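All remarks here apply to the structure that follows.
The values are calculated or read from the model by the stated rules, or taken from the named source; none is laboratory data. These numbers come from a predicted model, not from an experiment. We place every Cβ from the backbone using ideal geometry, glycine too, and count neighbours over all the protein chains shown. When the accessible area is computed, the model is the full protein with side chains, heavy atoms only, and any ligands, DNA or RNA have been set aside. Shrake-Rupley method; radii C 1.70, N 1.55, O 1.52, S 1.80 Å.
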Amino acid sequence: DILNGDTFPVQFAVDPTGPQGGSLLASLISMPSTWGKMQEGGPVGYMLMAIGLLATLLFIWRFYELWNIRGGVIAQSASQTLSNDNALGRILKIAEDDKEADTETLELKMAEQILKERPAVEGLNWVLKIVSVVAPLMGLFGTIIGMIETFTMITLFGTGDPKIMAGGISQDLVTTVLGLVVAIPTTLLHSFANSSARGIINVLEEQSTGIVAEHSDSK
């Protein structure tokens, strides 16, 4: 009747209980949700979720900081007035204040200022890198704990009932997945933040080298 129906879609009902007396429906109802599966990771799983959340918040904060620093550098590049509220302005201010200094001294002073600006630009990018490396290792740690629990259950109760081993197997698989879920995006986030910071440092070094070159020619 469904195949020969003239209208689409054809409405019909499926009885999930079937001849098993509701066992299929009971199994579907007892299946854990996504959050329930994540909870099966145990303490290691909770730690991985917390680390992933903190890494995401850190990246958002770093993105906001780098956006402001880059905006200040771009604005200073297009302006003829030096300002101390941005990294490039503070570097160029050294050349403006020490016009009579020799080229080597000026170069050293500007290099020193770039080193002072570097921590603010690079910030806590190293934390993202550490998270991207540690997260898979924590996932492996949770996997080992789950396997130990599984073998303990096998030793105590044998292999007659697979449900007895399901808890440990589920824990080691969930922690492995969580470790990868945290590590892969964090690696990409660290790469983006690091390249953005490196781009700002390159602009500062380029501008500083240009000022030193002009100062050398004037001498």
Legend entry - Calculated FRET value between residue 217 and residue 111, using beta carbons and R₀ = 25 Å, to 0.05: 0.85
Inset, instruction - Calculate, for residue 39 and residue 144, the FRET efficiency according to 1/(1 + (r/R0)^6) with r their C-beta to C-beta distance and R0 25 Å; round to the nearest 0.05. - result: 0.85
Inset, instruction - Determine, for the chain, the count of lysine pairs separated by eight or more sequence positions (or lying on different chains) whose alpha-carbon distance falls under 25 Å. - result: 9
Legend entry - Mean ellipticity per residue at 222 nm, deg cm²/dmol - from DSSP H runs of n ≥ 4 across the chain, formula -39500 (n - 2.57): -27500 deg cm²/dmol
Legend entry - residue 35 - accessible surface, heavy atoms, 1.4 Å probe, Å² rounded to 10: 130
Legend entry - Residue-level accessible surface for residue 98, protein heavy atoms, 1.4 Å, Å²: 40
Inset, instruction - Positive end of the charge dipole of the stretch 46-131 (Lys, Arg +1 and Asp, Glu -1 on Cβ, about the Cα centre): tell me which of 130, 74, 95 has its Cα farthest that way. - result: 130
Inset, instruction - Please tell me the relative contact order of the chain in percent, rounded to the nearest whole number, where contacts are Cα pairs under 8 Å and at least six residues apart. - result: 28
Legend entry - With DNA, RNA and ligands ignored, accessible area of residue 152 (1.4 Å probe; Å², nearest 10): 70
Legend entry - Point-charge dipole on Cβ atoms (K/R +1, D/E -1) for the chain, about Cα centre, debye to 20: 460
Legend entry - Å² of accessible area per residue within the chain, as computed with a 1.4 Å probe and no ligands counted: 65
Inset, instruction - Using label points projected 7 Å from each Cα along Cα→Cβ, tell me how many nm separate residue 83 and residue 133, to one decimal. - result: 3.8
Inset, instruction - Find the relative contact order for the stretch 65-145 and round it to a whole percent, using C-alpha pairs within less than 8 Å whose residues are 6+ positions apart. - result: 19
Inset, instruction - Above 21 angstrom, tally the Cα pairs of the chain and express them as a % of all pairs, no decimals. - result: 71
Inset, instruction - Could you check how much of the accessible area of the chain is carbon and sulfur, as a whole percent, using a 1.4 Å probe? - result: 65
Inset, instruction - Compare 138, 110, 147 by solvent-accessible area with a 1.4 Å probe and give them largest first, with all protein chains kept in place. - result: 147, 138, 110
